[in-house]
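Here's the structure, in structure tokens; my notes come after.
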Amino acid sequence: MDVATSFLADAAVRNRFFKWDVEGLDFLYTALGGATLAYARRFESMPSKETIRVLRKSVSVFEDYLIAFLGDARCMTSTELLERRLMKRKHYTYAAYLAVISSFPILRGNIPSQDLIKAIVAKIAEIVSIKTLDNVNDALHTHEQALRSLRMQLGAFTSPSFNLQERHDDIGRAENSTYQLALFTNQLVSRATDRRGPAFRLYLEDFGRYVKGQTSSMDQKLGGKKIINIRDFLIRVNEKAVGRIWLAVDFCFLNSFWYLDAEDLKAIDHVRTAADLIFKGCNIYDDIADLETDLQNKILNSIVLLALDNGLCEERDLARDPITLKTKLEGEGALYLALELGDLIFSMGLKELEEARDYASRIDIDGLEYGTRILRLFAMRKWLTRQHNPARLFKPLSLQVSEAITDYAKYVV
């Protein structure tokens with residue numbers, strides 16, 4: 001009996017030891033979440049009472065899973081991961097919320113409620129595995145160890161038979177915890193699809209693409225063999241975006257109950273591309289919020305690369321201390337230029353969603369579009385909350401793309 005089967009078959013209620021962690025979950029974010037779920041009821045696929053019930057149930061099931069299966073001696077327990085800040089409660093709280101508003105437009109009414117919850121839990125486990133391994137790689141690994149861990153994680157997400165390594169040191173146990181989470185996603189999807197069908201083939205393809213992008217993103221470190229440019233970033237590095245794998249789980253569960261005809265597959269292809277672009281746009285917004293942290297870690301994120309390409313700073317400026325360089329970039333308007341680049345990519349995703357509308361008989365495109373705009377707000381939340389000037393606060397709320405930025409569209413793949 002695999003991990004997913006044994007866990008989901010166990011109806012016993014385990015004792016909770018989780019306490020509310022307010023980091024990243026303050027009143028603003030909680031209020032935003034509640035307000036957006038309440039507004040979502042205007043879409044037929046997202047009745048408010050059901051979305052809230054499924055959200056709470058999904059978090060509960062996921063927390064039970066953490067207790068049950070990270071207790072394996074080869075894994076670092078959820079308590080240890082939380083204490084070491086390798087995993088954070090906000091990761092799975094946000095993941096659950098965003099999973100609900102993205103899964104309901106695709107799955108509600110098409111599959112039974114209990115299977116909808118399984119799909120959402122699989123997506124939560126997917127994102128927490130990815131975020132936690134990112135933290136392990138940043139805090140504990142060399143470059144080569146990080147590359148190896150990504151290959152192992154890919155196997156945990158996709159292999160028909162994956163076994164944890166017998167490692168009992170702290171790093172090995174932390175890695176194994178991320179693989180165990182990935183394996184849970186793999187097993188839920190495999191059980192739903194029997195590892196067959198077009199949606200499952202896309203699942204495997206999308207995970208391979210994601211890991212390739214993650215590998216390329218490791219070239220962003222200052223001091224490497226060469227400094228990549230913004231075009232390289234858009235073509236190779238931004239493939240680390242999780243949009244395709246995020247919805248791949250939903251399509252697998254949809255395919256487990258419905259035969260997907262040519263029209264369905266066209267709709268899915270457009271929605272996959274839309275999700276890919278929308279999450280790539282959100283990566284730019286994340287880089288704006290994380291600029292200071294990335295500079296301190298000697299990571300040249302997209303804001304620096306865009307500034308170099310537009311003459312807002314020079315390579316010699318990269319030798320400055322992080323605060324001075326950040327101040328220069330802000331003063332030159334690099335953050336607003338990056339905001340436009342994010343908006344360009346995001347708007348390309350919205351166009352793909354519109355293309356999907358002609359073929360989508362089972363998918364609520366309006367509901368999905370609403371969810372993408374909420375995702376954009378969440379991606380921008382840290383930067384928005386730091387703005388003290390009201391004019392600056394409201395400027396980013398609508399999409400803005402200048403002519404100077406539109407030329408970059410040809411490099412977005």
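The values are calculated or read from the model by the stated rules, or taken from the named source; none is laboratory data. Predicted model only: the values in this text are computed from it and were never measured. Methodologically, a virtual Cβ is constructed for each residue, glycine included, from the backbone with ideal geometry; neighbour enumeration extends over all protein chains shown.
What the table below lists for this structure:
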| read-out | value |
| --- | --- |
| Qualifying residue in the stretch 134-141 (condition: touching a Phe, Trp or Tyr at 6+ places or on another chain (Cβ under 8 Å), surrounded by fewer than 21 Cβ atoms within 10 Å (Cβ to Cβ) and not in a loop (DSSP other than H, G, I, E, B)) | no |
| Subset of the stretch 218-238 that is surrounded by fewer than 21 Cβ atoms within 10 Å (Cβ to Cβ) and closer than 21 Å to Y408 by Cα - its residue that is modelled with the lowest pLDDT | D219 |
| Lone qualifier among E144, E126 - being among the acidic types (D, E), under 22 Å from K240 (Cβ atoms) and surrounded by 19 or more Cβ atoms within 10 Å (Cβ to Cβ) | E126 |
| The stretch 320-332, subset surrounded by fewer than 13 Cβ atoms within 10 Å (Cβ to Cβ) and touching a helix residue (DSSP H, G or I) at 6+ places or on another chain (Cβ under 9 Å), residue farthest from V401 (Cα to Cα) | D321 |
| Total residues in the stretch 280-320, condition hydroxyl-bearing (S, T, Y) and farther than 16 Å from I230 by Cβ | 1 |
| The one condition in (1) assigned by TED's automatic domain parsing to the domain that holds R74; (2) surrounded by fewer than 16 Cβ atoms within 10 Å (Cβ to Cβ) that L150 fails to fulfil | (2) |
| Any hit, the stretch 304-312, residues being over 25 Å from A241 (Cβ atoms) and either in the same structural domain as R231 (by TED's automatic domain parsing) or in contact with a Gly (Cβ under 9 Å, 6 or more places away or on another chain) (or both) | yes |
| Elements of type helices (runs of 4 or more DSSP H) contained in the stretch 286-338, each with 1 or more residues being β-branched (V, I, T) and touching a residue at least 24 places away in the same chain (Cβ under 8 Å) | 302-309, 322-331 |
| Qualifying positions in the stretch 343-397 - of a type in the set (A, V, I, L, M, F, W, C) and modelled with pLDDT under 90 | I374, L375, L377, F378, A379, M380, W383, L384, A391, L393, F394, L397 |
| Selection within the stretch 116-162 - modelled with pLDDT under 95, more than 12 Å from T215 (Cα to Cα) and of a type in the set (D, E, K, R) | K131, D138 |
| Sole residue being outside the structural domain of M87 (by TED's automatic domain parsing), over 23 Å from Y408 (Cα atoms) and not acidic (D, E), chosen from F162, F207 | F207 |
| Helices (runs of 4 or more DSSP H) completely within the stretch 42-132 that count 1 or more residues being of a type in the set (V, I, T), under 18 Å from I374 (Cβ atoms) and touching a residue at least 24 places away in the same chain (Cβ under 8 Å) | 48-69, 89-107 |
| Output for the stretch 163-221, where each listed residue is under 30 Å from L308 (Cα atoms) and assigned to a helix (DSSP H, G or I) | R209, Y210, V211, K212, G213, Q214, T215, S216, S217, M218, D219, Q220 |
| Residue within the stretch 331-338 that is within 21 Å of the chain's Cα centre (by Cα), in the same structural domain as D294 (by TED's automatic domain parsing) and under 19 Å from N238 (Cβ atoms) present | yes |
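One line per residue, one yes/no per condition, for (1) under 19 Å from the mean Cα position of the chain (by Cα); (2) within 23 Å of Q114 (Cβ to Cβ); (3) not charged (D, E, K, R):
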position: M218; (1), (2), (3): yes, no, yes
position: N229; (1), (2), (3): no, no, yes
position: D294; (1), (2), (3): yes, no, no
position: K298; (1), (2), (3): no, no, no
